[in-house]
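First up is the structure itself, then whatever we jot down about it.
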Amino acid sequence: MSKKVVEKEFKDAVFKQGFSLEQNVFRILEKDGWRIHPNRNFFDSASNITREFDLLAYRSRTQAHTTVFTVLIIECKFNPHRIVFYTRQAKQSDEALCLPQFYTGDFIQNIFSSEKAREFWLNIKRYKTLFSNTEQVFGYQMFEEVVQKQNKDSGNSKKVTFKARQELTEKMVFGALNTTMQATLYEQKIRDKVKNAGNLIMFFPIVVFSDNLYKASLEDRKILKRQETFLYRSGMTFSDSASPDEFNIYISSVAYLSTLLKALNYSHKKFSAFFFKNIKERKRK
């Protein structure tokens, strides 16, 4: 094998490990006007070790010494195989708002209630499907395409089958979901109370996959189709009594990320206006 071929194989292997995906996500965020911090450390309470997540991106609006931040906690995963998310339509009784994870400074807590924040999300006019639970993900699995050579006499030289890869599912899908969840909790926890007294921070955990995301319906076994985004709701299992009961994580292909950012830009703009209006009205009283 020539040196040129070896170097090409090496280059392909390097970029298949996700670095190019992370750089692509970085460029999309940068072009959209987000401020970005790569490779942030966090303490993973589930495994009791310090780990790293890929990107923290944020934008903010300030008025009268108060600031609203929208913060994205992003983990990027290059997936060489297809990922299937098993879903069913949520019953009306199970439907719920999918709120961001909030950090609210002490000063803000005294003048802006959680009920007011909920009021905004109940009445948001655009991108409503991204902020409400209408479809539940019950599981996921990664499938590897396996090409087998056939006897030429059979008339078909190749046979394609798919093999479930549970070990990769746990490492890549569960691992990414857990990373964004733990990283978000850590980012909330480390906020300095004095510096952040006048801040309200909305955290949106996001896992970005490179491609090949599918939805399989648990209600109709005939439905298996490509889908670019999912909303994953996880029950919390941490010992901290202050932990929320549920955690919402956005799952997106890199191709859909720009569309998801439009929705988050919209919510940031509208929520900031709603927040500052309420603060102003409260101070008048």
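The values are calculated or read from the model by the stated rules, or taken from the named source; none is laboratory data. Quantities reported herein were computed from a predicted structural model and do not represent experimental measurements. Because the Cβ atoms are built from the backbone with ideal geometry, glycine has one as well, and the counts that use them run over all protein chains shown. Only protein heavy atoms, including side chains, enter the accessible area calculation; ligands, DNA and RNA are left aside. Shrake-Rupley method; radii C 1.70, N 1.55, O 1.52, S 1.80 Å.
Rolling a 1.4 Å probe across all protein chains gives SER2 an accessible area of roughly 60 Å².
Please report, ordered by residue number, every helix of the chain (full DSSP H runs) that is 24 Å or longer along its axis going by C-alpha atoms and whose mean Kyte-Doolittle hydropathy reaches -1.0.
On the way: long enough: 257-284 (40 Å, -0.57).
Passing helices, by number: 257-284.
Per-residue extension of 0.36 nm, minus the Cα-Cα distance of ALA64 and GLU145, leaves a gain of 23.5 nm for this segment.
If you stretched the chain out fully between THR134 and THR259, how much longer would it get, using 0.36 nm times the residue separation minus the C-alpha to C-alpha distance?
Numbers: separation 125, 0.36 × 125 = 45.00 nm, distance 1.90 nm.
Between THR134 and THR259, full extension yields an extra 43.1 nm.
Please work out whether the stretch 61-200 counts as rounded, prolate or oblate from its C-alpha gyration tensor, where a ≥ b ≥ c are the square roots of the eigenvalues and a/c under 1.5 means rounded, while otherwise a/b larger than b/c means prolate and anything else oblate? It comes out prolate by the Cα gyration axes. Ligands, DNA and RNA left out, the 1.4 Å accessible surface of the stretch 70-150 is 47% carbon and sulfur atoms.
For the stretch 97-137, the solvent-accessible area works out to 54 Å² per residue, with a probe of 1.4 Å and every protein chain left in place.
Rounded to the nearest 0.05, what FRET efficiency do ALA273 and LYS158 give with R0 = 51 Å and r taken as the Cβ-Cβ distance? Could you check? Using R0 = 51 Å, I get an efficiency of 0.30. The listed peptides 124-130, 138-144, 177-183, ordered by packing as a protection proxy, come out as 177-183, 138-144, 124-130 (highest mean of other Cβ atoms within 10 Å first).
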